[in-house]
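No value in this document is a laboratory result; all are computed from the given coordinates. Given the structure is predicted, the values throughout are model-derived calculations rather than measurements. When we count neighbours, we look across all protein chains shown, and the Cβ atoms used for this are built from the backbone with ideal geometry, even at glycine.
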Amino acid sequence: MMAQEPPKEIQIRVHSRRGGNTIHPVDAETPPPLPSPATANQSPVVYREVKHFKKWFTWLIPSFVVANVVMFFITMYVNDCPKNSVSCVAGFLGRFSFQPFKENPLLGPSSSTLQKMGALDVNKVVHRHQGWLLITCMWLHGGVFHLLANMLSLLVIGLRLEQEFGFVRIGLLYLISGFGGSLMSALFIQDNISVGASGALFGLLGAMLSELITNWTIYANKVAALLTLVFIIVINLAVGILPHVDNFAHIGGFLSGFFLGFVFLIRPQFGWLSQRYAPPGYFSTSTTPKFKIYQCILWVISLILLIVGFTVGLVMLLRGVDANDHCSWCHYLSCVPTSMWSCKTHPVSCLSDQIGDQLTLTCSSGKNRTYTLVNATTSQIQGLCTQLCR
């Protein structure tokens, strides 16, 4: 009795080559001109692009980095420290020199300059209807150290995601996550301005976590990858409990990105791909759905939570609600007071008295000092006030 030859199998092999990937069957026999069901498994090798797994050319994330750097240079040009402050750091840089360390230890501009450039100021959003500040603050940074930390992180995280999923999905994820971080920051921190791309960056981290969960079956070393990613996220969020770090923006961005990842970064099953990209004449005995049931459930739940969350948050913000009034312990998520530092971050204010060339400033705490300064400008007074009261 002759042994029956087993049917040929179609296998998908994904090659990570720039500009597109190919799939090809293992079998390479030449078929008859018109394939029939009996000979369907003897199709020739074909090369077709698998768009779901191709490597995209990365240009958007580098563009975001360039945009942030350019905005920082513009901000420093507008700041013009020699003209608006009594003293500057790195004075040889001219109008690009930095505010004094006591005023801005990050090597950057003054708070008033950041406000002019579009920093998040809750009072302006609520009372002057300047909602665009929730977006513009994402492109500003408090100083050189702040800018370098965020841009290096953006390159490390963002390039990989854009290469895997393309500029459209990652661009939307970045912008919406940044908006979510700004929204949560505005609800909980209403006494200070806020700037930085940290909310958007944490959104990318959150999306990496949800992408691992929703595409769980296609990964090798799942547990190791999950534990590594969770460890990185926990460490970054833990840094946010230090003073002068807006951890609410981090948390808001992370949650937004986490749910967006289930919506934007879902991948189809390999079984569905093998059917879709099988060579002509190949017939499958079973039909595989494009997505698993759990992927669809997570997609629906995440989309609902995103819509509800953003809607409720915006309504609360525009009504001037302070979220701390409804959550007495939430402030610990952004700063935990210890014997080494205080979490009091109320904006400084001073009374000024100019007599001749003598300028006397008195902090709201009672501390005062007299400076020799002729015709002090508002920016100079504010800078001296910040140095005196902090």
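Here are the numbers:
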| quantity | calculated |
| --- | --- |
| All-pairs Cα distance distribution in the stretch 121-255, expressed in whole percent, bin size 10 Å | 12, 42, 32, 12, 2, 0 |
| Pairs of alpha carbons in the stretch 65-169 whose separation is greater than 24 Å (percent) | 34 percent |
| Gyration tensor verdict on the stretch 60-333 (Cα atoms; rounded if a/c is under 1.5, prolate if a/b is larger than b/c, oblate otherwise) | prolate |
| Relative contact order (percent, whole number), the stretch 60-333, Cα cutoff 8 Å, 6+ residue spacing | 18 percent |
| Whole-number percent relative contact order across the stretch 350-389, with pairs defined as alpha carbons under 8 Å at least 6 apart | 35 percent |
| Shape call, the stretch 350-389: gyration tensor on alpha carbons, a/c limit 1.5 | oblate |
| Sequence-distant residues sharing a close amide H with Ser97 (under 5 Å, placed H) | Cys81 |
| Distance in nm between pseudo-label sites at Lys290 and Ser339 (7 Å out along the Cβ direction from Cα) | 6.1 nm |
| Cα centroid separation, the stretch 323-340 to the stretch 69-99 (Å) | 34 Å |
| Residue-span extension gain [Val156 to Ala220] - 0.36 nm each, minus C-alpha spacing | 20.9 nm |
| Segment Val144-Leu227, length gained on full extension (0.36 nm per residue, minus Cα span) | 26.7 nm |
| Residue pairs, from the table Lys222/Lys292; Lys55/Lys292; Lys83/Lys116; Lys54/Lys290, whose Cα atoms sit over 21 Å apart | Lys55/Lys292 |
| Spacing of the two label points (7 Å from each Cα toward its C-beta) at Asp325 and Lys116, in nm | 3.4 nm |
